[in-house]
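The values are calculated or read from the model by the stated rules, or taken from the named source; none is laboratory data. Since this is a predicted model, take the numbers as computed values, not measurements. So basically every Cβ, Gly included, is an ideal-geometry build from the backbone, and we count neighbours across all protein chains shown.
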Amino acid sequence: MSTLLDNTFAEPAPSPLLLLGQGRDLASERGVECTGELPAASDPDLVERARAARAALGSRAFVLGHHYQRDEVIDFADVTGDSFKLAREAAARPEAEFILFCGVHFMAESADILTSDAQQVVLPDLAAGCSMADMAAINQVEDAWDVLQDAGIADVTLPVTYMNSTAAIKAFTGRHGGTICTSSNAEVALRWAFDQVGGVDGTGKVLFMPDQHLGRNTALLKLGMSPTDCVVFDPRKPNGGLTDAELRDARMILWRGHCSVHGRFSERNVTDIRAAVPGVNVLVHPECKNEVVEAADYVGSTEYIIKMLDAAEPGSSWAIGTELNLVRRVARAHPDKQVHYLDSTVCFCSTMNRIDLPHLVWAMESLVAGRTVNRIVVDADDAHWARVALDQMLALPGL
């Protein structure tokens, strides 16, 4: 495991970040305000306050904790998992009046879409967004579709959208007959999509959003495509930075987006860990760059990573390329195995880590006092069409 540096920080300078969830950012998926007084992080009674509030809420509340959350939050989660598992868990608890989603904004949106109108989804810090989801704004995607129409290929293109996207992008996908996918079922989703437009060996195309790496890795490693079948659509450039001929020749039109955590891992990291730990098994998330995935031994979702370590032989060595909170938790759960962090530097998901114990305590104590704070409500029309796309994913084999 990487050695963590001394946990002391200088006073932060003013910045455009939504510090402690205060302020407003209309340019991102978390373009909402988060008001209210938070308990101090140094409050010696903070854990006890959390326990008391959780006990007072009882079965009225259901707390979901994403794998990338810090331990102090996971300690109060009723269920842990990846984004899709948690959204389904929320939908499976119709008796819960409140769903406290300790994750990021797009995850809470999915929970709101899949739960009943009688339930209220709460995100403890509304500034907990996702940099990848922010890389695909709905106006950019609609403009991109106009580009595909002008190139004469929109009628043979189907959108496939990763779960890590805003409700508006999911709704766009539903309106255009596409489907949502997870990192676990991206291959199944892509095969289904290509079947709708002539098959994997045909002439149809997929617009894959917003993570280019998951789309490329699935196309190359699972569908047998070549790098020349893939082009990257950059929404900041005219025509996506592509000619009409390039768009017409492509099979996979990949949105120029990525995960800020998984994008840090490099092929050099793999080379270095193999030199330092002979016989190490390198296990990475499919949001990593293709050269990292190609150099690894195993590739899979967060749930896959956990299952791999659960089944691994005692004494075996593993280098894991995913978010550090998860890697540390897996390492503690398997003291009989050597677990290393693949990156040479420490990297948490900074937006996920905005959900901390003070925010969770504030949200729970507010509910106990009869005030619903930070409720996530998806626009009714977006919710309908996003549900169409999500239902299409649920109908795919293997879910």
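Working only within segment 328-345, note down all residues that are touching a residue at least 40 places away in the same chain (Cβ under 8 Å) and over 16 Å from residue 276 (Cβ atoms). Explain how you work it out, then say what you get.
Narrowing segment 328-345 to residues touching a residue at least 40 places away in the same chain (Cβ under 8 Å): 328-329, 331, 338-345.
328, 329, 331 - these are the residues of segment 328-345 that are touching a residue at least 40 places away in the same chain (Cβ under 8 Å) and over 16 Å from residue 276 (Cβ atoms).
Hey, among 203, 218, 228, which residue is at pLDDT below 95 and out of contact with any strand residue (DSSP E or B) (no Cβ under 8 Å at 6 or more places or on another chain)? Talk me through it step by step, then tell me what you get.
Numbers: 218 fails: at pLDDT below 95; 228 fails: at pLDDT below 95.
Result of the check over 203, 218, 228: 203.
Tally up the residues in segment 340-384 that are more than 19 Å from residue 98 (Cβ to Cβ) and assigned to a helix (DSSP H, G or I), please.
The number of residues fulfilling the criteria is 7.
For segment 261-300, enumerate the residues that are more than 20 Å from residue 182 (Cα to Cα), in contact (Cβ under 8 Å) with a residue 40 or more places away in the chain and buried (at least 19 other Cβ atoms within 10 Å of the Cβ).
Listed by number, the residues that qualify are 265, 269, 270, 273, 280, 282.
Assess whether residue 32 counts as being modelled with pLDDT of 85 or more and under 26 Å from the mean Cα position of the chain (by Cα). Full working, then the answer.
On the way: modelled with pLDDT of 85 or more: no; under 26 Å from the mean Cα position of the chain (by Cα): yes.
Criteria not met by residue 32.
Given the criteria assigned to a loop (DSSP other than H, G, I, E, B), in contact (Cβ under 8 Å) with a residue 24 or more places away in the chain and either on the phi < 0 side of the Ramachandran plot or surrounded by 24 or more Cβ atoms within 10 Å (Cβ to Cβ) (or both), does residue 174 qualify?
Numbers: assigned to a loop (DSSP other than H, G, I, E, B): no; in contact (Cβ under 8 Å) with a residue 24 or more places away in the chain: yes; either on the phi < 0 side of the Ramachandran plot or surrounded by 24 or more Cβ atoms within 10 Å (Cβ to Cβ) (or both): yes.
Taking the combined requirement at face value, the residue does not satisfy it.
Would you say residue 166 is touching a helix residue (DSSP H, G or I) at 6+ places or on another chain (Cβ under 7 Å), buried (at least 24 other Cβ atoms within 10 Å of the Cβ) and β-branched (Val, Ile, Thr)?
Numbers: touching a helix residue (DSSP H, G or I) at 6+ places or on another chain (Cβ under 7 Å): yes; buried (at least 24 other Cβ atoms within 10 Å of the Cβ): yes; β-branched (Val, Ile, Thr): yes.
Criteria met by residue 166.
Could you look through segment 290-312, keep only residues that are out of contact with any Asp or Glu (no Cβ under 8 Å at 6 or more places or on another chain) and part of a loop (DSSP other than H, G, I, E, B), and pick out the one that is farthest from residue 213 (Cα to Cα)?
312
Quick grid of which residues meet (1) among the polar types (S, T, N, Q); (2) under 21 Å from the mean Cα position of the chain (by Cα):
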{"residue": "336", "(1), (2)": "no, no"}
{"residue": "343", "(1), (2)": "no, yes"}
{"residue": "349", "(1), (2)": "no, yes"}
{"residue": "353", "(1), (2)": "yes, yes"}
{"residue": "359", "(1), (2)": "no, yes"}
{"residue": "366", "(1), (2)": "yes, no"}
{"residue": "371", "(1), (2)": "no, no"}
{"residue": "377", "(1), (2)": "no, yes"}
{"residue": "383", "(1), (2)": "no, yes"}
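Taking residue 389 and the conditions (1) in a helix (DSSP H, G or I); (2) farther than 30 Å from residue 172 by Cα, which numbered condition does it fall short on, given that it satisfies the others?
The failed condition is (2).
Do we find a residue being over 30 Å from residue 153 (Cα atoms), among the hydroxyl-bearing types (Ser, Thr, Tyr), modelled with pLDDT of 95 or more and not assigned by TED's automatic domain parsing to the domain that holds residue 213 anywhere in segment 286-299?
Yes: segment 286-299 contains one or more residues that are over 30 Å from residue 153 (Cα atoms), among the hydroxyl-bearing types (Ser, Thr, Tyr), modelled with pLDDT of 95 or more and not assigned by TED's automatic domain parsing to the domain that holds residue 213.
Taking the options 321, 240, 215, name whichever one is buried (at least 20 other Cβ atoms within 10 Å of the Cβ), under 26 Å from residue 193 (Cα atoms) and touching an Asp or Glu at 6+ places or on another chain (Cβ under 8 Å). Before the answer, list the steps.
Numbers: 321 fails: under 26 Å from residue 193 (Cα atoms); 215 fails: touching an Asp or Glu at 6+ places or on another chain (Cβ under 8 Å).
The conditions single out 240.
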